[in-house]
Amino acid sequence: MVMTLQLVASLLVCLIASVTDWRTYRIPNWLTFPALGAGLAMGAVGGGQGFVAALVGTLVCGLVPIALHAAGAMGGGDLKLLMSLGALLGVRLGLTAELYAFAAASLWGLGSWIVRGQLASVARRAIALLAGKSLSEAPLIEKTSLRFAPSVLVGVTGALIGRMGVA
């Protein structure tokens, strides 16, 4: 029963985050902090071991996003959303959802570059960087931003479908 509640809560949180992120480029604290608390509380319902699993899920699912946030490549709301999903889904399902979310965001970004006609510029910059040029020597490209929460919704949905064996 608790796991079903956690799955439904994860989808609901991602849906709300997607709508707010799409409209405002923000994922509000009023959504992520209660989701994190709910994940830890639902884990505690399963006993001390469940709480520890939720806490470990929070920390492990936050490792890559923390590094991306520190580098300026991810917003704080995205970070808190992924950490709350780690609490709700645990390490294995949380990381699976996170991997799918990054894949979905990568595809969305690639499509965006193609539509905006920026793919060649991005490729030239990547080749220059791979050839050992410094950032200042590589051709400049226009910085773009991506609403990440919709990709997280895709990732969580994909992970849950995979968990059910539907895929």
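Every residue, every condition in (1) of a type in the set (Gly, Ala, Ser); (2) on the phi > 0 side of the Ramachandran plot; (3) at pLDDT 95 or above, yes or no:
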residue	(1), (2), (3)
LEU12	no, no, yes
LEU15	no, no, yes
TYR25	no, yes, no
ASN29	no, no, yes
MET42	no, no, no
VAL45	no, no, no
VAL52	no, no, no
VAL60	no, no, yes
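Please go through segment 43-65 and pick out each residue that is under 21 Å from the mean Cα position of the chain (by Cα) and hydrophobic (A, V, I, L, M, F, W, C).
ALA53, ALA54, LEU55, VAL56, LEU59, VAL60, CYS61, LEU63, VAL64
Quickly run through segment 14-47 and pick out the residues that are aromatic (Phe, Trp, Tyr) and without any contact (Cβ under 8 Å) to a residue 24 or more places away in the chain.
TRP30
So the check is Cβ under 6 Å with 6+ separation or different chains; which pairs have a first residue in segment 1-13 that's exposed (fewer than 15 other Cβ atoms within 10 Å of the Cβ) and a second one that's among the basic types (Lys, Arg) and modelled with pLDDT of 90 or more?
none
Taking into account only those residues within segment 101-137 that are hydroxyl-bearing (Ser, Thr, Tyr) and part of a helix (DSSP H, G or I), which is nearest to GLY162 (Cα to Cα)?
SER106
Restricting to segment 73-100, name every residue that is exposed (fewer than 14 other Cβ atoms within 10 Å of the Cβ), within 14 Å of the chain's Cα centre (by Cα) and either assigned to a helix (DSSP H, G or I) or modelled with pLDDT of 95 or more (or both).
Residue satisfying the conditions is GLY76 alone.
Just a yes or no: is a residue in segment 59-66 aliphatic (A, V, I, L, M), within 18 Å of SER10 (Cα to Cα), without any contact (Cβ under 8 Å) to a residue 60 or more places away in the chain and surrounded by fewer than 21 Cβ atoms within 10 Å (Cβ to Cβ)? Spell out the reasoning first.
To start, the set of residues in segment 59-66 that are aliphatic (A, V, I, L, M) comprises 59-60, 63-64, 66.
Of the ones still in play, those that are also within 18 Å of SER10 (Cα to Cα) are 59-60.
Next cut, without any contact (Cβ under 8 Å) to a residue 60 or more places away in the chain only: 59-60.
Imposing the further condition that a residue be surrounded by fewer than 21 Cβ atoms within 10 Å (Cβ to Cβ) reduces the set to 59-60.
Yes.
For GLY86, are the conditions met, namely being within 19 Å of VAL8 (Cβ to Cβ) and in contact with a helix residue (DSSP H, G or I) (Cβ under 8 Å, 6 or more places away or on another chain)?
Yes.
The values are calculated or read from the model by the stated rules, or taken from the named source; none is laboratory data. As the structure is a computational prediction, the values presented were derived from the model and not from experiment. Cβ coordinates were reconstructed from backbone atoms using ideal geometry, including for glycine residues, and neighbour counts include every protein chain displayed.
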